[in-house]
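The values are calculated or read from the model by the stated rules, or taken from the named source; none is laboratory data. Values in this document were obtained by computation on a predicted structure and should not be read as measured data. When we count neighbours, we look across all protein chains shown, and the Cβ atoms used for this are built from the backbone with ideal geometry, even at glycine.
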Amino acid sequence: MAVEMEDRDAEQGLMNDDEEKPQQQPPQPASRGLHPLFYIASWIFFSNSTILFNKWLIDNRGFKYPATLTCWHLVFATIATQILARTTSLLDGRKNVKMTGRTYLRAIVPIGLLYSASLVCSNMVYLYLSVAFIQMLKSAAPVAVLLTGWAWGVESPSLKRFLNVLVIVAGVALASVGEINFSMIGFLYQLGGIVFEAMRLVMIQVLLSGDGQKMDPLVSLYYYAPVCALMNIFIAGAAEAPRFDPADLAKAGYLVLLLNAMVAFMLNVASVFLIGKTSSLVMTLTGILKNILLVIVSVIIWNTSITALQFLGYGVALAGLVYYSLGWEQIVNITTGFWTWLRAVWESPGTESRLPPAVRRGLFTGLAVIIIVVLVSGFMYGSGYGTTVTKLSS
């Protein structure tokens, strides 16, 4: 890695020398990198596919062993990261991590245990709650991270952020009250998953960042996966081994389980590229969009019923989450920038764009009409206006 950096510095020096002699400088080919939208779409696809795939395996294929499924994901991730570390450069970031026996026992093991607990709880909840409602509850994750940070002394309490937290909590509470098929066990599992994940993130900030070390998601998985897999073997053995039926493996399908683990692993790879090719702001906005899309898609697939109160609660929580993640100034800047871009596209002459103005305006208008019709008809379908239960149906 150091040799590569020195080569790049040398090449940069040669390019600077060549700038003094432009007549001797050969023409440089245009760089052809992938558009950031590709990385955004990949992360959304693999993230939502992992969640929907897990739910489908548990509900539709009868593989009701969430701890075993999590264990299989981590065993696959352990093998895959070891292979990638020896055959690719995707895990070169681990060379910047000073991993000692003390650091491993002090940071990796406890953080890995929390990560394992978070994954188990996140998969267990699929036995009791719908994907749409799970995503609504996940809106409270920043609240748990903030409160844990306050308790740990990492964050300083402020009245403004506390009021923002109350808005998110109120929205999640409304969504929970409006849930038709509410399960207290499922709610507690999801709450446990959120709390464990919040503790893991704060511990990473305290222990690893304090040592000047940073890990991308794939490097983190390289270190955490073996610990989590070992932990989950004991959890799955104690909780699910007595009722485990080997016939359920064949029923779920060996190739299907392999594909499921591959999709879950690709999520981590997509996360690395998204972080590396975009910014934290883009990832925050992408995460919010991903959650909204997942709620809509999951409701369409499973015909989940959504009440008006639940829809209102999720809207309140989502608004609080956007404000918490971005802040008012950032929201205004993004809105202004988007409106300026949209207006420029709308009013630009046909000679400067690929489509004539009339066609462009027709597409925008048609898209807006389709979105409104789909939302209104989807939420009113099957129950009629004025009823308390609303359904989105494919």
When (1) in a helix (DSSP H, G or I); (2) without any contact (Cβ under 8 Å) to a residue 12 or more places away in the chain; (3) not aliphatic (A, V, I, L, M) are applied to Phe311, the one that fails is (2)
Residues Val143, Val177: which one is among the aliphatic types (A, V, I, L, M) and crowded, with 16+ Cβ neighbours inside 10 Å? Val143
Check Leu191 against each of (1) more than 19 Å from Leu114 (Cα to Cα); (2) assigned to a helix (DSSP H, G or I) and name the one condition it does not meet. (1)
Can you tell which of Ile331, Ile296, Ile275 is touching a Pro at 6+ places or on another chain (Cβ under 9 Å), outside any loop (DSSP other than H, G, I, E, B) and β-branched (Val, Ile, Thr)? Ile275
Hey, does segment 285-304 have a residue that's β-branched (Val, Ile, Thr) and closer than 12 Å to Trp43 by Cα? yes
So Lys214, is it outside any helix (DSSP H, G or I) and modelled with pLDDT under 90: yes
All positions within segment 178-196 that are of a type in the set (Gly, Ala, Ser) and within 19 Å of Gln310 (Cα to Cα): Gly178, Ser183, Gly186
Filter result for Ala236 (in a helix (DSSP H, G or I), buried (at least 18 other Cβ atoms within 10 Å of the Cβ) and within 19 Å of the chain's Cα centre (by Cα)): no
One residue is enough: does segment 152-165 have a residue meeting the conditions part of a loop (DSSP other than H, G, I, E, B) and either of a type in the set (D, E, K, R) or touching a residue at least 24 places away in the same chain (Cβ under 8 Å) (or both)? yes
Picked from segment 124-140 (must be of a type in the set (S, T, N, Q) and assigned to a helix (DSSP H, G or I)), the residue farthest from Ser325 (Cα to Cα) is Gln135
